[in-house]
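See structure below.
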Amino acid sequence: MLTRAYSVLRVKRADPDTRTITGTASTPEPDRLGDIVEPLGITFKNPVPLLLYHDTKRPVGSVRFFPPTADGLDFEATLPSIDDPGTLKDRIDEAWQSITTGLLAAVSIGFRAIEETYMTDTQAFRFLKTEVLELSLVTIPANAGATIDTIKSLDRAALGARESLPSDVGPSARVVRAIRSTAVNKYGDQIKTWEATRAAKAARQVDLMATATDAGVTLDGAQADEFDTLAADIKGIDAHLVRLRATEQANLAAAVPVTGTDPTDGANARGASPRISVKSTVPPATGFIRYVRAIAIARGNLMQAAEIAKQWRDSTPEVELAIKAAVAAGTTTDATWAGPLAPLTPLASEFMALLRPATVIGKIGTLRQVPFNVSVPQQTGGGSYSWVGEGAPKPVSKLAFSATTLGIAKCTGIIVISEELARVSTPSAEEVIRADMIAGIAQFLDVAFTDPTKAAVANVSPASITNGLTPITSAGTTPSNARTDIQALASAMLGAPNYISTARAVLIMSETNALALTSALNNLGQPLFPDMTPTGGIVMGYRVIPSQAVGNNVIMVNGEGILMADDGGVEIDVSREASVQMDSAPDNPALATTILTSLWQNNLVGLRADRFINWKRARAGTVQYTQQTYVA
């Protein structure tokens, strides 16, 4: 894939006899898309073709690039003189005339990106290492109605083209550009940046003189101009460094401590302007959904998926980066080959950040996180304590512990969508996919986590947190009975072995029960539970998590007594060729009567989502529940 970067065609010398021009092909300044090509990371193999408008069928000459410097990549291009009449002569003559009259005012390098990074602050790419494959003569209007003159002035302003100074301006007034730096532009960082810029310019002077000395000649006109320009730049930098160092010392002498408990307080204390950040306005997890769509449309071909992802570069560029990073194949000799897959992590994390609040597991928030397949100690007994009189022996006791291990378990689901839905590039289509994935996974996990009938299956799935417990008998169906039931749950937890606090306990109930408690009134017509809503709230001091997946179960949970292992991501696989049983409870194993649907034959796309997660009730009494449907 060939990428392009544009620059002003700054003609330093034009020899009409040899049709040779020299100029600058690329600079470290941002182009119109905000992308930056780092000059010192450019590689090439001289000579390269000179084309018209990046058309490989319209070559007009050859180009020789000079060693890149911090200021940019200079070149020398030659357009041959053709004596025989024909298309080639006409094309090259037209190109030469367009250059000398200023009609072709810009050049563009065609390059292959080797290493790149995405700049979130400008939402553009910084190409750290590139290979230049061709140079083209182009005209680049800022918009469709722009004139050539407008293009030239716009390019010079935006790309910082270095024009010759007016004759009445002396060297001391030269404006020199520093090498671009990712460091914060404080005085210390600026001093380092300018020192690096000065070193680069001095090195270029040495290269110019060494080339001339080796050839036994003096500098030619262009080389002499460049050498003198570099000398003036270095003189200006030296003077600027003196001023910077003096200003830095003055600031250090006047510095005062900054107070504040966080960056915002600190910024306010020093009178700074508030930090402003620009973020995409697309809905959460859109990047992850678009990643899935690109893989689905491309039928698993990552190269094609990267091309598809380009259409979202303006709003979710991280999708293209994640896919492009995954294209590189791993090798047995590269210990870090899996590193390029890391860009997918933020996309999956974004989806998980949206999924977790939709599940009971995510809403509890106090579950004890542990790794997979690691022995975890759990306390099963406490120590003995008593008052001791003067001179009396102190009692000795010991804590009781056991160990448990959470093996690897995963929940999975296959979502089947039409080819048309996968290809439709509208927010509504993305919303359909996102909503289905979130709702489906959340519903499944909520049921698996709370259903008392869900027993453990060895090496497959964990038991629910209520499985094996005896429910507390409900006092009745009225909201007043609900108060009695909740008090009974709390009492049972507080009376559990070794005492389990309810200070951080939560209540899990259906939205139906939450609505009944919200609607309940006392004898004065006032809300019986004033801090309760159908979407959650507080009942008797306990936070309520509504989920229709729990049915008529009312569960009190102290999350600190539940172990959970979660890899924190979702793995996505795509197929168009598989045949699947369109059933939420497929036959295992498949029977002769099992009806399979061919995705290929029906123009469908199957998205398989896997999430590795496991949990276990670690302490007796940490979960209590009753069963009732309340009626207001």
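The values are calculated or read from the model by the stated rules, or taken from the named source; none is laboratory data. Note that the structure is a prediction, hence the values are computed from the model and not measured. Using ideal geometry, Cβ is built from the backbone for each residue, glycine included, and neighbour counts are taken over all protein chains shown.
Some points to look at:
- Considering (1) in contact (Cβ under 8 Å) with a residue 24 or more places away in the chain; (2) over 30 Å from residue 467 (Cα atoms); (3) out of contact with any helix residue (DSSP H, G or I) (no Cβ under 6 Å at 6 or more places or on another chain), the lone condition that residue 527 does not fulfil carries the number (1).
- Residue match in the range 46-54 (condition: under 32 Å from the mean Cα position of the chain (by Cα), in a loop (DSSP other than H, G, I, E, B) and over 14 Å from residue 138 (Cα atoms)): no
- Residues that are surrounded by fewer than 14 Cβ atoms within 10 Å (Cβ to Cβ), part of a loop (DSSP other than H, G, I, E, B) and within 44 Å of the chain's Cα centre (by Cα) within the range 446-500 comprise 453, 455, 458, 459, 460, 468, listed in sequence order.
- Residue check, residue 565 assigned by TED's automatic domain parsing to the domain that holds residue 458 and surrounded by fewer than 16 Cβ atoms within 10 Å (Cβ to Cβ): no
- Near pairs, Cβ below 9 angstrom, 6+ apart or cross-chain, from the range 301-317 (in the same structural domain as residue 35 (by TED's automatic domain parsing)) to any residue that is of a type in the set (S, T, N, Q): none
- Test: residue in the range 593-601 that is within 19 Å of residue 453 (Cα to Cα), hydroxyl-bearing (Ser, Thr, Tyr) and either in a loop (DSSP other than H, G, I, E, B) or in contact with a Cys (Cβ under 9 Å, 6 or more places away or on another chain) (or both): no
- Across the range 215-244, the number of residues qualifying as farther than 24 Å from residue 21 by Cα and out of contact with any helix residue (DSSP H, G or I) (no Cβ under 8 Å at 6 or more places or on another chain) comes to 2.
- Filtered residues of the range 513-529 (kept if farther than 23 Å from residue 558 by Cβ and in contact with a strand residue (DSSP E or B) (Cβ under 9 Å, 6 or more places away or on another chain)): 515, 518, 519, 520, 521, 527, 528
- Within the range 79-106, being in contact (Cβ under 8 Å) with a residue 24 or more places away in the chain, closer than 19 Å to residue 62 by Cβ and either of a type in the set (Asp, Glu) or assigned to a loop (DSSP other than H, G, I, E, B) (or both) holds for 79, 80, 81, 104.
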